[in-house]
Amino acid sequence: MCGIVACYSREGCYEKLLSALFRLEYRGYDSAGIALLSAGGLSVRKRAGGVKNLEGAPLAGDTGIGHTRWATHGAPTDVNAHPHVCGKFALVHNGIIENFAQLKEELLAAGETFLSETDSEVIVHLIARAYEGDFFAAVAGGCRRLKGSYAVAVLCADRPGEIVCARSGSPLVAGRAEGALYVCSDVPALGGCGYFCPVGEGEFVHIRGGELFFRDDEGKELPKTFSRIGAA
């Protein structure tokens, strides 16, 4: 079991991601990582060991993803820690991809190079190969190839201010706070958010333009109602 978080915040995005990861650390504590997207591109910090190893000067950016890992495929090392990067994309993943060996063999035959031993790295390669300028469509297309369980959050260097998340079999919840939008593995990780909404099976969350949208895998917007955290 791993924990993931995505956050869009014009102020203190790195600190907000780090705080959420500390609240998710019960879901995995053998490695952790964060990726931030700014005008300068993607920046990644990931370390074996607990979330405290990510403390230090914050990475720049208002759009980011984070992960705390309980290793399943590959040892708890810096290289196997999330986020995983391929080209313009960075990804964090909770779950197990049952057909990853078949997909990895296919991708290797197509000339792809892998750095880690994880099943998760296969997903970001699939998304990168599916990308033809439409970020959401690339994530949805990559996810259609997967068998197993996943909750993912993805950044694209071409798309500052955007995050695409997807869920199949692994939990996700979206949250709204003053000046920030979140998608996390569970409600406690939302911290200071006032409102939350669970992500349904097979649904996507698209953060764009300072707003949060629920979509189906074709990109159609889904109506949702947020509830106040702590309301009876």
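The numbers here are math on the coordinates, done by the rules we state, and not lab data. Everything numeric here is computed off the predicted structure, so don't read it as measured data. Glycine also receives a Cβ, built like all others from the backbone with ideal geometry; neighbour counts cover every protein chain displayed.
Overview of values
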item: Listed values (i) 19.6, 64; (ii) 22.7, 73; (iii) 15.9, 54, entry calculated as Rg and Dmax of the Cα atoms in Å; result: (iii)
item: Cα-Cα separations in the stretch 3-94 greater than 15 Å, expressed as whole percent; result: 51
item: Gyration tensor verdict on the stretch 37-165 (Cα atoms; rounded if a/c is under 1.5, prolate if a/b is larger than b/c, oblate otherwise); result: oblate
item: The stretch 144-204 shape via C-alpha gyration tensor axes, a/c threshold 1.5; result: oblate
item: Cα shape, the stretch 164-232, gyration tensor, a/c 1.5 rule; result: prolate
item: Fluctuation leader among PRO160, PRO76, PRO58 - the chain, Gaussian network, Cα springs under 10 angstrom; result: PRO58
item: The chain: DSSP helices with Cα axial extent of at least 15 Å and average Kyte-Doolittle hydropathy no lower than -1.0; result: 13-24, 120-130
item: Förster-model FRET efficiency, 30 Å R0, ALA39 and GLU201, C-beta, rounded to 0.05; result: 0.25
item: The stretch 121-232: antiparallel DSSP beta bridges as a percent of all, rounded to 5; result: 95
item: The chain - mean residue ellipticity at 222 nm from DSSP helices (-39,500 (n - 2.57) per run, n ≥ 4, rounded to 500); result: -5500 deg cm²/dmol
item: Fluctuation leader among GLY202, GLY95, GLY66 - the chain, Gaussian network, Cα springs under 10 angstrom; result: GLY202
item: Rounded to the nearest 20 debye, dipole of the chain from Cβ charges on Lys, Arg, Asp, Glu; result: 380
item: Pairs from LYS52/LYS220; LYS88/LYS147; LYS46/LYS104; LYS52/LYS88; LYS52/LYS104; LYS16/LYS224 whose Cα-Cα separation, in the structure shown, is over 30 Å; result: LYS52/LYS220; LYS52/LYS104
